[in-house]
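Working notes, beginning with the structure itself.
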Amino acid sequence: MVGNELCIDSCWYPPTMEWMWVAWGVTKYAPAWDGPHCFEVIENTIDFSGFLKYVDPLGSGGSPDTLPMRGVTIQMLDQDRGTSIDTLATTSTDDSGYFDFGAVNNWDDAGVAGQELFFRIFAENVAAKAVESYGGVTYYVQTATENNITSGVYDTTIVATSVQSGYFLCIDEALDGQQKWYELRPDDSLSVLLELVIAADSGYSRFDADSNCVYVNDSAITAKKAPDTFDRDVIQALFGKRIACEFSFCDSGSTAVCPVDSVVDPAYAAKEGFSRWWASVVSESPNLVNTWNNYSDSFWVNVENGEFGTAGSTDSSRLGTANALGDANEVAVAGILWDICDTIPDDYSGRDDWGIDTIPHTPDSVYDSLSISIDTVLLVFLDRGEVNGHNPKTMNEFWDAWFSSTSPGQSSRMGDVWYEHGDSAVCCETPGDINGNGTGPDIADLVYLVNYMFKSGTDLPCEVVGDVNGNEVGPDIQDLVYFVNYMFKNGPDLADCP
């Protein structure tokens with residue numbers, strides 16, 4: 001047994017590989033008898049543990065950092081004679097990137113102590129795997145072979161190179177997305193392992209619903225393109241598209257390609273806007289980063305205000321009021337969703353216009369005072385399929401799904417958020433409901449309108465409701481006269497909500 005001594009009361013066969021002989025008679029010889037010889041019985045094993053890490057060129061503060069490879073597989077292998085490779089042990093890392101193989105036999109295939117050892121680390125976790133072509137083998141990193149490893153306990157740290165790290169960063173970001181999804185929707189399982197195809201010739205980073213595959217353009221391989229493998233927010237936005245497509249909200253079939261500041265098909269804008277909002281949910285920041293400019297820390301978009309940054313800019317204060325391109329613009333959609341959930345009301349009233357069709361004021365005095373949970377937004381997208389017989393495909397359908405129940409309600413504040421992002425029509429539910437209390441039109445609405453117009457009263461909860469004559473201007477004196485005639489002189493009906 002290990003730790004005991006083995007004693008041999010016999011002749012000694014020395015390390016020189018030659019027997020010691022003594023004369024026995026005239027012509028005969030016999031091995032020398034000089035025993036006993038005793039040997040300690042030891043365990044010939046190796047025990048490797050340590051940490052696996054990859055390089056994040058931006059880190060948490062804009063400078064390079066090393067982060068743990070979470071939940072990846074590492075193999076210990078022995079390179080035998082010729083091309084034969086034996087797998088000695090397999091294990092996985094924990095959330096800190098730590099692995100421990102435990103004790104592994106250190107006898108090679110020839111019965112000689114000391115393996116010819118190397119490791120393989122696979123870019124795959126429970127959320128995603130990285131490949132270099134669709135359907136290809138999982139990308140892995142392989143260490144150099146160390147010959148004749150002596151028995152013992154080893155503590156080691158393996159750090160992937162910058163080029164290798166992009167693969168591990170991508171699957172790590174997918175893991176963040178999956179964990180956030182299960183935190184919010186624990187009963188909605190993602191069906192299959194996400195495949196991340198990281199290649200120089202993928203054209204542009206995108207999600208393909210048919211193959212459940214994210215194509216990531218790798219600018220570390222070829223001339224730089226946007227985005228590259230180190231863009232966490234871009235990867236997370238693509239993960240958001242995967243969610244939208246898999247659970248059939250937004251429009252999984254809409255594949256239009258357009259400039260991000262364009263007005264497009266509302267179904268396409270909803271899907272793209274949701275994906276950007278999802279990236280902000282996971283990162284817990286409205287400032288999404290695109291590092292295409294030689295890995296400089298550059299704004300991609302600010303979903304808080306729906307504005308786009310410029311390469312190399314990190315100044316969030318330069319951003320203006322609110323993107324006002326409405327429900328047919330992907331970043332206005334992201335801004336709507338963000339403003340529903342954020343915890344800090346935005347006062348846009350004192351800012352100068354900047355950027356894309358901005359609005360320099362709010363329609364009421366409470367600004368975007370909504371602070372409704374993220375899981376409530378997901379509930380509206382996923383659990384109210386009665387709207388047009390399917391989950392919401394556009395933001396107008398999202399609005400209808402939201403108000404198909406009395407909870408969470410808050411129409412005036414929802415209308416304010418929509419207005420800030422260029423879609424004022426949706427806040428109008430009842431023509432003439434000037435004060436936004438859900439009833440009327442009645443005398444209280446008329447008083448509210450008079451106070452607003454002549455006595456510096458409170459702003460209208462939904463400004464478009466004040467356009468009672470439907471001429472698309474105002475509210476003004478003509479609207480007031482029209483309202484009085486309707487109320488007291490049997491005048492024409494109030495204009496329908498636009």
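The values are calculated or read from the model by the stated rules, or taken from the named source; none is laboratory data. Everything numeric in this text was worked out from a predicted model, so none of it was measured. Heads up, the Cβs are rebuilt from the backbone with ideal geometry, glycines too, and the neighbour counts pull from every protein chain shown.
State all residues of region 111-140 that are of a type in the set (A, V, I, L, M), farther than 16 Å from residue 197 by Cβ and either not assigned by TED's automatic domain parsing to the domain that holds residue 166 or not in a loop (DSSP other than H, G, I, E, B) (or both); if no residue qualifies, say none. Steps first, please.
Filtering region 111-140 down to residues of a type in the set (A, V, I, L, M) leaves 112-113, 117, 121, 123, 126-128, 130-131, 137.
From what is left, the residues that are farther than 16 Å from residue 197 by Cβ are 112-113, 117, 121, 126.
113, 117, 121, listed by residue number.
Put simply, of 255, 291, 229 the only residue that is at pLDDT below 85, among the hydroxyl-bearing types (Ser, Thr, Tyr), in a loop (DSSP other than H, G, I, E, B) and surrounded by fewer than 18 Cβ atoms within 10 Å (Cβ to Cβ) is 255. Among the conditions (1) over 20 Å from residue 141 (Cα atoms); (2) in contact with a Ser or Thr (Cβ under 9 Å, 6 or more places away or on another chain); (3) at pLDDT 65 or above; (4) not charged (D, E, K, R), residue 39 misses just one, which is (2).
The lone criterion from (1) assigned to a helix (DSSP H, G or I); (2) surrounded by fewer than 16 Cβ atoms within 10 Å (Cβ to Cβ) left unmet by residue 473 is number (1).
Taken as a whole, region 485-493 holds at least one residue that is basic (Lys, Arg), loosely packed, with under 15 Cβ neighbours inside 10 Å and not in a helix (DSSP H, G or I).
Residue check: is residue 158 at pLDDT below 90, out of contact with any Phe, Trp or Tyr (no Cβ under 6 Å at 6 or more places or on another chain) and closer than 17 Å to residue 75 by Cα? Explain how you work it out, then say what you get.
Working: at pLDDT below 90: no; out of contact with any Phe, Trp or Tyr (no Cβ under 6 Å at 6 or more places or on another chain): yes; closer than 17 Å to residue 75 by Cα: yes.
Against the criterion (at pLDDT below 90, out of contact with any Phe, Trp or Tyr (no Cβ under 6 Å at 6 or more places or on another chain) and closer than 17 Å to residue 75 by Cα), residue 158 does not qualify.
Filter region 456-470 down to the residues that are modelled with pLDDT of 85 or more and either over 15 Å from residue 429 (Cα atoms) or in contact with a His (Cβ under 7 Å, 6 or more places away or on another chain) (or both) and list them by number. The one that is modelled with pLDDT of 85 or more and either over 15 Å from residue 429 (Cα atoms) or in contact with a His (Cβ under 7 Å, 6 or more places away or on another chain) (or both): 469.
Could you look through region 268-284, keep only residues that are within 8 Å of the chain's Cα centre (by Cα) and surrounded by fewer than 24 Cβ atoms within 10 Å (Cβ to Cβ), and pick out the one that is farthest from residue 239 (Cα to Cα)? Step through it out loud before you land on a result.
Residues of region 268-284 within 8 Å of the chain's Cα centre (by Cα): 278-279, 282-283.
Keeping just the survivors that are surrounded by fewer than 24 Cβ atoms within 10 Å (Cβ to Cβ) gives 282-283.
Numbers: 282: 11, 283: 13 Å.
That would be 283.
Taking every residue in region 128-150 that is within 17 Å of residue 48 (Cα to Cα) and pairing it with any residue that is acidic (Asp, Glu), at least 6 positions away or on another chain, the pairs with Cβ-Cβ distances below 7 Å are 145/116; 147/116.
Please find, among 473, 450, 481, the residue that is touching a residue at least 24 places away in the same chain (Cβ under 8 Å), hydrophobic (A, V, I, L, M, F, W, C) and outside the structural domain of residue 415 (by TED's automatic domain parsing).
Details: 473 fails: touching a residue at least 24 places away in the same chain (Cβ under 8 Å); 481 fails: touching a residue at least 24 places away in the same chain (Cβ under 8 Å).
450 is the lone residue from the list that is touching a residue at least 24 places away in the same chain (Cβ under 8 Å), hydrophobic (A, V, I, L, M, F, W, C) and outside the structural domain of residue 415 (by TED's automatic domain parsing).
Somewhere in region 488-495, is a residue at pLDDT below 90 and under 21 Å from residue 396 (Cβ atoms)? So far as region 488-495 goes, yes, one or more of its residues are at pLDDT below 90 and under 21 Å from residue 396 (Cβ atoms). What about residue 396, is it assigned to a loop (DSSP other than H, G, I, E, B), among the polar types (S, T, N, Q), at pLDDT 80 or above and under 27 Å from the mean Cα position of the chain (by Cα)? Taking the combined requirement at face value, the residue does not satisfy it.
Taking residues in region 200-219 that are at positive phi, and partners anywhere that are modelled with pLDDT of 65 or more and surrounded by fewer than 16 Cβ atoms within 10 Å (Cβ to Cβ), the pairs with Cβ atoms closer than 7 Å and at least 6 places apart or on different chains are 212/192. Please go through region 141-155 and pick out each residue that is outside any loop (DSSP other than H, G, I, E, B) and either crowded, with 21+ Cβ neighbours inside 10 Å or modelled with pLDDT under 95 (or both). If the condition is that a residue be outside any loop (DSSP other than H, G, I, E, B) and either crowded, with 21+ Cβ neighbours inside 10 Å or modelled with pLDDT under 95 (or both), then 141, 146, 152, 153, 154, 155 are the ones that fit.
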